[in-house]
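All of the numbers you see were taken from the coordinates with simple rules; none came from a lab. These numbers were taken from a predicted model, which means no experiment stands behind them. Here the Cβ is made from the backbone with ideal geometry for all residues, glycine too, and neighbour counts use every protein chain on show.
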Amino acid sequence: MKIYLKIWRQKNANSKGNMVDYTLEGVEEDMSFLEMLDVLNEELISKGEEPVEFDHDCREGICGTCSLMINGRPHGPESRITVCQLHMRSFNDGDTIVIEPWRAKAFPVIKDLIVDRTAFDRIQQAGGYISVNTSGRPVDANAIPIEKEMADNSFAAATCIGCGACVAACKNASAMLFTAAKVSQFALLPQGQVEAADRVQNMVHQMDLEGFGNCTNTGACEVECPKGISLENIARMNREFLSATVKG
Amino acid sequence: MAVLDSKVPSGPLADKWTKHKNEIDLVNPANKRNIDIIVVGTGLAGGSAAATLAELGYNVKTFCYQDSPRRAHSIAAQGGVNAAKNYQGDGDSVYRLFYDTIKGGDYRSREGNVYRLAEVSTNIIDQCVAQGVPFAREYGGLLDNRSFGGVLVSRTFYAKGQTGQQLLLGAYAAMNRQIQRGKIKSYTRHEMLDLVLVDGKARGIIARNLVTGEIERHGAHAVVLATGGYGNLFFLSTYCMGANVMAAWKAHKKGAFFANPCFTQIHPTCIPVSGDHQSKLTLMSESLRNDGRIWVPKKLEDAQAIREGRLKPTELAEEDRDYYLERRYPAFGNLVPRDVASRAAKERCDAGYGVNKTGEAVYLDFSAAIMRYGREKALTSGMKNPDDATVRKLGEEIVEAKYGNLFQMYEKIVDQNPYKTPMMIYPAVHYTMGGLWVDYNLMTTIPGCYAAGEANFSDHGANRLGASALMQGLADGYFVLPYTIGDYLSDDIRTGPITTDSPEFDEAERNVTDRIQKLMSANGIHSVDHYHKRLGKIMWNKCGMARNAKDLKEAIGEIAELRKDFWENVKVPGSADAKNQELEKAGRVADFLELGELFAMDALHRNESCGGHFREEYQTEEGEALRDDEHFKYAAAWEYRGDPSKSELHKEDLVYENIELKTRSYK
Amino acid sequence: MSGLIKSSLARKYVMALSGLFLVIFLVLHVTINLASVISPDFFNEASHFMGYNPLVQFIMQPVLIAGVIVHFVMGFVLETQNKKARGSVGYTSYKGSANASWVSRNMIYSGLVVLAFLGLHFYDFWIHEMTYKYVEFNDQDPTRYYAETVEKFAPFWRTILYVISFVLLSLHLWHGFASSFQSMGVNNKYTPGIKKFAKAFAVVVPLAFAFIALYHHLNPITH
């Protein structure tokens, strides 16, 4: 396959970037999208040019590091996967592929296609935990039975890999789905109840401070989430926040 | 060997850990505030250690090369975490978990350490549930378990196919709590480039800020390395792309012994290689072997026809299939330990029975399980005489509920529907049992330098059982290291802050910048990946699943030569004072090129087959591993002497007081 | 409570509640208007009541106007903030249609059209009423409303503008009505039902308004 690439190149956070065109031949259908970029980079290096930097690590769809906007969609045209799970068989010979970094004020570009997602870490630090000492002696794991449905829903919320596709897809660059997923995971478990009110307020507050946009319920995040995290979680967070705030 | 003191406490096995905890020195809470600890790596071991140390009152700095601690590769562990809870009432106990782990490790691990691991395993589950880790549950609301290879009980706790991610997020959450309290300072996109020793003690690190390229000095009273394994040595592996041995290797070069480097685990159920472009291999949980049956064609001509696409696996009659694991190991069948399953696959493929284009794949077939589950479901739903299509449909639904995400992943990568045609699998490098030598306190041979999780060599011997890596990482981090480190730090309460303004730091920083300069200025002709791939080929072909003296000797020479070539001809574009992925990779590959040689030397010296280390010269007539307890019942700890080839071997004899050494049999 | 005022979620609640309030008003409005088609006498009576009842005039009317203003101002604030959240450089290629409906992405435009319509509508009816009552101090005339209304729809251009606005109102409601439940945290087993109802509402109510406008345009009062 021969493909045409338009890739965002930017030297560092302070410089201005621009789209650069590349042509790549000999692309195979079985290649993953990132392997295609590997091939491009090998070519660039052999020509003495700087390779395209992009975030990636586990290459099996779970670490949440890879983060490319491909032809206007986070993680590319297929649903429920990350870029590293996208294969070139999803494209055709002669296609033009536009590759850009996530765009959000809260995710500044570091270099080329790499963005800074530490805003997500700070949201988690604001309350995404249960305050139980690791060095303590907690009760037996089976002391508190948890209804299977609740446990499963909590798990479904906890599957968030923190990739940021929700922010990238949202026309408002809102981080509601990310934040709501963590709030929901704990809100659904008995262990999470004690700090529930503080948790949701602190996490939402931090989310606002980071400069993410407001949620307007377009649902784009849910569609693009590689783990299929549901909008129900956002509703749950809205509910939790409302009751937490009203109760003071 | 006086130099290697394992410090395993005396006394009965079951009392050792309690006794040790009672006897070691502690640091009082007020003094902990004056002590700084660096933790490198934020996976299960590093993350949990950092959180617990901070909670105890120490000042912790964590370092990871990823953009967030949450992305460490522990996240990719799918199957589960073992714990001797005996919730299923199937006869499990701490002793049985201990025994299984020792036996699974082919009697090359330390009794005291493994018993402690089994003992604290139950705390892990309690701890994680308290932290809100959403483990799978039964309808009654209690925790569910499943079984894994190499054992006869169900003791594995899991969270669908992403137990690693859920456990890591638990540790990350515990870290976040301490970051918010100001007790942990988290440095992300930072890579440790050297360990700094002052008066023979580990007192800090040199790290590179990967975004700005800045070289930074960080001092501390102790340094914990929780930097994972070194399987990326093979280029193709199930490791994440960034996994590297740099921190451990730098410690090794500063005096930490490296133990059993050749003990590598090759995981049997990975997706086979599709072509030269391949950058990594994808593992599918071993839990698939609970229901999948592994086979190759019985006749060579059928295998050939399948490879050439003339025959479909589904067309092959039952009697023309060779379920070789069930044939060779009737007791454990498809659930034999990983090393055994991997080698058996290689044996069949080498004999010409491989089933994909490259001839390096075997089938993992779910059709029997689908029909079995389907029939059961049909009966319980009150269907009297369901037709095959209905049974198959019902069965597929059940298999989907159990393994849906794995099947989907397989289909995405291979573009074949595993419900309709058997999966193809082949072994891939997955875990390294070897690592920095540590004593019972998890301290390396450098005072004040600790190693936890996969980075150390301690608990898995020559082979790790499934679902034991998560167990060990969390046991080390939450329940062992935070206490044993106090024994060392109790001498440091009057030391005061460690200054980085010392000749030792100056020299370490100079060495680091010189090395970077050297890499940048080689300005050669080949990319870093070019060397990495070549190293990987040597490792896979000559130091892989089956090794022999001739190949290993060749490998040693070839790796040394490749290393020389690398330093002369590598090409690293860009600059050193900016984000530069090629420079990062170059530094890591340079280390692999040294470790590879030591790896081959270790494999060459160990004239026996045990666990993941299989020497073709040492096998039974049936092709099973032939261990030599008389000569090799020890951990091989290598001391660095200026060049990998000059490394000096030290032996820690493994004393078995509680377990009788047996030939490992899964027949 | 102070957190509630500053929070992004609070802005959502305000949007949702003001929106729901306006939805309720629409129900009242369309009901009275439908009377103009069925029974001119009843329409006159109802309109007169609305026009002279002090509760409606001095409490409900200001509340309604406040509701409109709050909904509009907050919508505008949200839109500005959301635009800013994308950062200084936007996407070269952004396929919004792949993951979200056109209406949900363009609430600001459907909203602005409805707002512009409200300007016209106020000019047509409300300003007229205010002038009639409080500037010219005309006497009460409980029979004038039907004729005035029908007359308004005599010009073709006005009828068409009204109908177009109702289409945009429909689009706005199509997303907004159900969305307000999500914003208030309602997403449960009733949600599919709520969504269906909201979409039906989004079609039926504007359709009724459009029908009324067209009906009066096509059936002028012949003197």
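Identify all lysines with a Cα-Cα distance to A:Lys182 below 21 Å; exclude those on the same chain that are fewer than 8 residues away in sequence.
Partners found: A:Lys148, A:Lys227, B:Lys160, C:Lys12.
Report the calculated FRET efficiency for B:Thr620 and B:Lys651 (r = Cβ-Cβ distance, R0 = 35 Å), to the nearest 0.05.
E between B:Thr620 and B:Lys651, to the nearest 0.05, is 0.85.
May I ask you to evaluate 6.51 cos²θ - 1.76 cosθ + 1.60, the Karplus curve with θ = phi - 60°, for each residue of the range C:88-100 and list the ³J(HN,Hα) values in order in whole Hz, giving x for glycine and proline?
Values, residue by residue: 6, 10, x, 7, 6, 10, 9, 9, x, 5, 6, 10, 8 Hz.
Which of rounded, prolate, oblate describes the range C:1-65, given a ≥ b ≥ c as roots of the alpha-carbon gyration tensor eigenvalues and a/c under 1.5 marking rounded, otherwise prolate only if a/b is larger than b/c? Display every interim value, and only then the final one.
Working: a/c = 6.95, a/b = 2.36, b/c = 2.95.
Oblate, since a/c reaches 1.5 and b/c is not below a/b.
Need one number for chain B: average projected area of the convex hull over its C-alpha atoms, nm².
Reported value for the Cα convex hull: 29.2 nm².
Pull up all non-local amide H partners of B:Tyr450: gap of 5 or more, or a different chain, and H-to-H distance under 5 Å with H placed in the peptide plane.
For B:Tyr450, whose amide H was placed from the backbone, the distant partners under 5 Å are B:Val223, B:Val224, B:Leu225, B:Thr444.
Short version: ³J(HN,Hα) in whole Hz for each residue of the range A:88-98, in order, from phi by Karplus 6.51 cos²θ - 1.76 cosθ + 1.60 (θ = phi - 60°), x for Gly and Pro, what are they?
Once rounded to whole Hz, the list reads 5, 5, 7, 10, 10, 3, x, 5, 9, 10, 9.
What do you get for Rg/Rh of the range B:172-243 when both radii come from the Cα atoms and Rh is the Kirkwood radius?
Details: Rg = 14.7 Å, Rh = 14.4 Å.
My calculation of the ratio gives 1.02.
Select from chain C the helices, each a whole stretch of DSSP H, whose alpha-carbon atoms run 30 Å or more along the helix axis and whose Kyte-Doolittle mean is at least -1.0; answer none if there are none.
Flagged H segments are C:8-38, C:61-85, C:156-183, C:191-218.
Given bins 10 angstrom wide, list per bin the percent of all Cα-Cα distances in the range B:371-423, short to long.
With a bin width of 10 Å, the distribution comes to 27, 45, 22, 6.
Given H placed on each backbone N at 1.01 Å, which residues far from A:Ile97 in sequence or on other chains put an amide H within less than 5 Å of it?
Close amide H contacts, sequence-distant or interchain: A:Tyr4, A:Leu5, A:Lys6.
On average, how many beta carbons from a partner chain sit within 10 Å of the beta carbon of a residue in A:74-85?
2
I'd like the chymotrypsin sites (Phe, Trp or Tyr not before Pro) in the range B:97-179 restricted to DSSP loop residues with at most 11 other Cβ atoms within 10 Å, sorted by number. Could the numbers behind the result be given before it?
Numbers: sites: B:Phe98, B:Tyr99, B:Tyr107, B:Tyr115, B:Phe135, B:Tyr139, B:Phe148, B:Phe157, B:Tyr158, B:Tyr172; in loops: B:Tyr107, B:Phe135, B:Tyr139, B:Phe148, B:Tyr158.
Those satisfying the criteria are B:Tyr139.
Got the relative contact order for chain C handy, in percent, Cα pairs under 8 Å and 6 or more residues apart?
On the way: 175 pairs, mean separation 70.3, N = 223.
Relative contact order, chain C: 32 percent.
Lysines near B:Lys579 by alpha-carbon distance under 18 Å, same-chain residues fewer than 8 away left out - which ones?
Qualifying lysines at Cα under 18 Å: A:Lys11, A:Lys16, A:Lys111, B:Lys518, B:Lys571.
I want the local charge near B:Ile179. Using Cβ-Cβ distances under 10 Å, sum +1 for each Lys or Arg and -1 for each Asp or Glu among the other residues.
Result for the local shell: +4.
What is the distance in Å between the Cα centroid of the range C:132-186 and that of the range B:233-273?
The range C:132-186 and the range B:233-273 have Cα centres spaced 72 Å from each other.
Hey, got the average number of other protein chain Cβ atoms within 10 angstrom for residues in A:159-165?
4
State the Kirkwood hydrodynamic radius of the range B:270-427 in Å, one decimal place, computed from all pairs of distinct Cα atoms.
Its Kirkwood hydrodynamic radius stands at 16.3 Å.
Cα gyration tensor of the range B:343-395, axes a ≥ b ≥ c as square roots of the eigenvalues: rounded (a/c below 1.5), prolate (a/b > b/c) or oblate? Before the final figure, lay out each step's value.
Values: a/c = 5.60, a/b = 3.68, b/c = 1.52.
Cα axes put the range B:343-395 in the prolate bin.
By how many nm would the segment from B:Lys420 to B:Glu301 grow when fully extended, if each residue of separation counts as 0.36 nm and the alpha-carbon distance is taken off?
That pair, B:Lys420 and B:Glu301, stretches by 40.5 nm at full extension.
According to the Cα gyration tensor, what semi-axes, each the square root of 5 times an eigenvalue, does the equivalent ellipsoid of chain C have, listed from largest to smallest in whole Å? Walk me through the numbers on the way to the answer.
Details: eigenvalues 245, 83, 61 Å².
Sorted largest first and rounded, they come to 35, 20, 17 Å.
What is the Cα centroid distance between the range B:53-71 and the range A:1-42, reported in whole angstrom?
34
Are there GluC sites (Glu not before Pro) in the range B:564-667 that DSSP puts in a loop and that have at most 15 other Cβ atoms within 10 Å, and which ones? Before the final figure, lay out each step's value.
Numbers: sites: B:Glu568, B:Glu582, B:Glu584, B:Glu594, B:Glu597, B:Glu608, B:Glu616, B:Glu617, B:Glu621, B:Glu622, B:Glu624, B:Glu630, B:Glu639, B:Glu648, B:Glu652, B:Glu657, B:Glu660; in loops: B:Glu608, B:Glu616, B:Glu617, B:Glu621, B:Glu622, B:Glu624, B:Glu657, B:Glu660.
Answer in residue order: B:Glu616, B:Glu617, B:Glu621, B:Glu622, B:Glu657, B:Glu660.
Find the percent of Cα-Cα distances in the range B:502-632 that exceed 20 Å, and round it to a whole number.
Looking at the range B:502-632, the distances longer than 20 Å represent 55 percent of pairs.
Check the cysteines of chain B one by one and keep only those with no other cysteine Cβ under 4.7 Å from their own.
When partners are defined as cysteine Cβ atoms under 4.7 Å apart, chain B leaves B:Cys64, B:Cys128, B:Cys262, B:Cys270, B:Cys349, B:Cys449, B:Cys543, B:Cys610 without one.
When the convex hull of the C-alpha atoms of the range A:37-110 is computed, what volume per residue in Å³ does it have?
Given the Cα convex hull of the range A:37-110, per-residue volume reads 117 Å³.
Which order do peptides B:307-317, B:428-438 fall in by mean Cβ count within 10 Å, highest first?
B:428-438, B:307-317
What does the helix-only formula give at 222 nm for chain C: each DSSP H stretch with n ≥ 4 adding -39500 (n - 2.57), the total divided by the residues, and the result rounded to the nearest 500 deg cm²/dmol?
Mean residue ellipticity at 222 nm (helix-derived): -24000 deg cm²/dmol.
How high is the relative contact order of chain A, in percent, counting Cα pairs under 8 Å that sit 6 or more residues apart?
Result for chain A is 20 percent.
When Lys and Arg each count +1 and Asp and Glu each count -1, what net charge do the other residues less than 13 Å away from A:Gly219, Cβ to Cβ, add up to?
Charge balance in the 13 Å sphere: 0.
DSSP beta bridges in chain B, what fraction antiparallel, as a percent rounded to 5?
Roughly 70 percent of the DSSP beta bridges within chain B come out antiparallel.
With both bridge residues required to lie in the protein assembly as shown, what share of the DSSP beta bridges run antiparallel, to the nearest 5%?
Numbers: 59 of 82 bridges.
Given both bridge residues lie in the protein assembly as shown, the antiparallel proportion sits at roughly 70 percent.
Just to confirm the filter: which GluC sites (Glu not before Pro) across the range C:120-167 are DSSP coil and have at most 10 other Cβ within 10 angstrom of their Cβ? Don't skip to the end; give the middle numbers.
Numbers: sites: C:Glu129, C:Glu136, C:Glu148, C:Glu151; in loops: C:Glu136.
Listed in order of number, the matching sites are C:Glu136.
Work out the count of Lys pairs in the range B:270-427 where the Cα-Cα distance is under 20 Å, with the pair 8 or more places apart or on different chains.
23
Evaluate the Debye formula for the range B:38-86 with equal point scatterers sitting on the alpha carbons, no solvent, and hand back log10 of I(q)/I(0) at q = 0.13, 0.17, 0.19, 0.23 Å⁻¹, in q order, two decimals.
-0.37, -0.58, -0.67, -0.83
Relative contact order for the range B:270-427: what percent, with Cα pairs under 8 Å and sequence separation of 6 or more? Provide the component values of the computation, followed by the final result.
Values: 215 pairs, mean separation 44.4, N = 158.
Reported as a whole number, the value is 28 percent.
Roughly how many whole Å is it from the C-alpha centroid of the range B:101-143 to that of the range A:178-248?
32
Out of C:Thr149, C:Thr131, C:Thr92, any idea which swings most in a Gaussian network model of chain C, alpha carbons joined below 10 Å?
So, out of C:Thr149, C:Thr131, C:Thr92, the one fluctuating most is C:Thr92.
Would you tell me the mean number of C-beta atoms belonging to other protein chains that fall within 10 Å of each C-beta in A:144-156, as a whole number?
Across the residues of A:144-156, the mean count of other-chain Cβ atoms within 10 Å is 5.
Efficiency by 1/(1 + (r/R0)^6): what FRET value for C:Leu118 and B:Lys518, r their Cβ-Cβ distance, R0 = 60 Å, to the nearest 0.05?
FRET efficiency, C:Leu118 to B:Lys518: 0.25.
Residues with amide H under 5 Å of A:Ile110's amide H, sequence separation 5 or more or different chain, H placed in the peptide plane at 1.01 Å from N; which?
A:Val115, A:Asp116
Over all alpha-carbon pairs of the protein assembly as shown, lay out the pair-distance distribution in 20 Å bins, whole %, shortest bin first.
The percentages, shortest bin first, are 11, 39, 32, 12, 5, 1, 0.
Residue by residue, what Karplus-based ³J(HN,Hα) values in Hz, rounded to whole numbers, does the range B:585-590 have, using 6.51, -1.76 and 1.60 with θ = phi - 60° and x for Gly and Pro?
5, 4, x, 6, 5, 4
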